[in-house]
Amino acid sequence: MAVLTITSPSKSASFWSSSSSSLFARCSLTQKSIGFNQSRSRISASNTFKCDLPQPVNYGNGKPMIPILNEKTLPRFLESARMETTVNRSVAKLKVFSGTANPALSQEIAWYMGLELGKINIKRFADGEIYVQLQESVRGCDVYLVQPTCPPANENLMELLIMVDACRRASAKNITAVIPYFGYARADRKTQGRESIAAKLVANLITEAGANRVLACDLHSGQSMGYFDIPVDHVYCQPVILDYLASKRICSDDLVVVSPDVGGVARARAFAKKLSDAPLAIVDKRRHGHNVAEVMNLIGDIKGKVAVMVDDMIDTAGTIAKGAREVYACCTHAVVSPPAIERLSGGLFQEVIITNTLPVAEKNYFPQLTVLSVANLLGETIWRVHDDSSVSSIFQ
């Protein structure tokens with residue numbers, strides 16, 4: 001019987017080094033950016049968009065690291081909103097627990113909040129069944145369970161449900177499921193006859209298990225929030241990527257934001273508005289089946305420009321903006337199903353920028369990959385939910 005016990009590491013770990021820069025105010029980078037090409041052009045003109053951010057660091061060994069950074073700051077795009085609101089940061093009756101799907105992200109969230117992760121014992125029996133036991137009292141506490149439903153989606157989802165049930169039976173006052181990546185979100189409607197709407201089913205399962213609230217990052221579609229019969233706080237991770245792109249100092253006249261499909265136009269337009277109100281291009285593609293798409297037309301001009309492709313997730317990476325001088329791919333969730341890694345690392349992209357809502361397996365590292373952390377953003381949101389403060393004001 002496999003056993004996994006998750007506890008918080010000692011705060012005296014070597015991660016607390018003076019070389020650790022701000023996780024958000026200084027480009028939100030968890031130092032997981034790898035293999036930067038120092039010869040890349042840095043266009044510095046009067047009409048460039050930029051923040052006071054450091055230049056990317058070259059890690060010669062080609063292998064990213066994940067230091068836990070200790071400067072408790074938010075992205076510059078959010079900093080002013082945070083300063084306007086005073087949040088009570090009392091740790092009384094507040095518990096944060098991590099599932100096994102992405103423990104590294106959970107640890108970063110706990111560090112930002114100045115907490116230790118709650119002690120929890122998660123086991124796998126020989127037949128695959130999951131066992132969960134809380135190893136500390138949660139009676140009367142506000143409990144936050146950090147567990148993305150990433151691949152293997154069914155196993156991680158079931159683990160989350162059992163964690164929620166364990167907290168409910170342990171008399172927790174409020175249970176919030178923190179789901180950085182909400183699996184089954186793409187099954188949000190019927191496109192053919194006799195199909196299920198799995199997103200609604202999963203929402204029902206989480207609600208019936210005993211969760212009082214859901215906190216999710218960049219849902220595939222906004223209507224997914226309506227599938228829950230409990231409150232949902234939607235965290236937008238755009239500011240993290242925007243802060244990092246601002247450090248690239250790309251001339252605003254050369255920039256164009258590309259939506260990889262018609263459904264992502266609203267997301268791309270909001271992103272372009274933040275980037276010096278950059279022009280927008282749209283990829284028109286036809287889907288012949290699940291994970292199978294064909295690019296038909298490109299609406300907009302990207303010839304000779306720096307194209308920034310924006311989406312909520314990268315799955316098979318089948319859409320590429322051809323004709324641009326440079327192409328940056330930006331997304332929140334790196335699902336990266338085969339053959340995504342081969343396509344992304346093939347040299348067509350100048351850089352692939354993702355966040356750590358999903359863990360990135362070491363076998364999926366490639367030189368153009370940059371991973372940004374959303375831990376501080378999630379930590380700040382948890383504080384506000386716990387204090388009954390406004391969450392939407394962070395993003396205004």
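Name the residues whose placed amide hydrogens come within less than 5 Å of the amide hydrogen of Met313, ignoring near sequence neighbours (fewer than 5 apart) on the same chain.
Thr332, His333
So how far, in whole Å, is the C-alpha centre of the stretch 146-223 from the one of the stretch 235-275?
Cα centroid of the stretch 146-223 versus Cα centroid of the stretch 235-275: 28 Å apart.
Express the accessible area of the stretch 90-248 per residue in Å², computed with a 1.4 Å probe while the remaining protein chains stay in the model.
Numbers: 6180 Å² over 159 residues.
Per-residue accessible area for the stretch 90-248 comes out at 39 Å².
What does the extension gain come out to for Arg325 and Ile230, with contour length at 0.36 nm per residue minus their alpha carbon separation?
29.6 nm
Please list the non-local residues whose amide H lies under 5 Å from the amide H of Glu351, H modeled 1.01 Å from N, same-chain partners needing a gap of 5 or more.
When sequence neighbours closer than 5 places are left aside, the close amide H contacts are Val327, Ala329.
The values are calculated or read from the model by the stated rules, or taken from the named source; none is laboratory data. On a predicted model such as this, the values are computed, not experimentally measured, just so you know. To get the accessible areas, we keep the full protein, side chains included, count just its heavy atoms, and leave off ligands, DNA and RNA. Shrake-Rupley method; radii C 1.70, N 1.55, O 1.52, S 1.80 Å.
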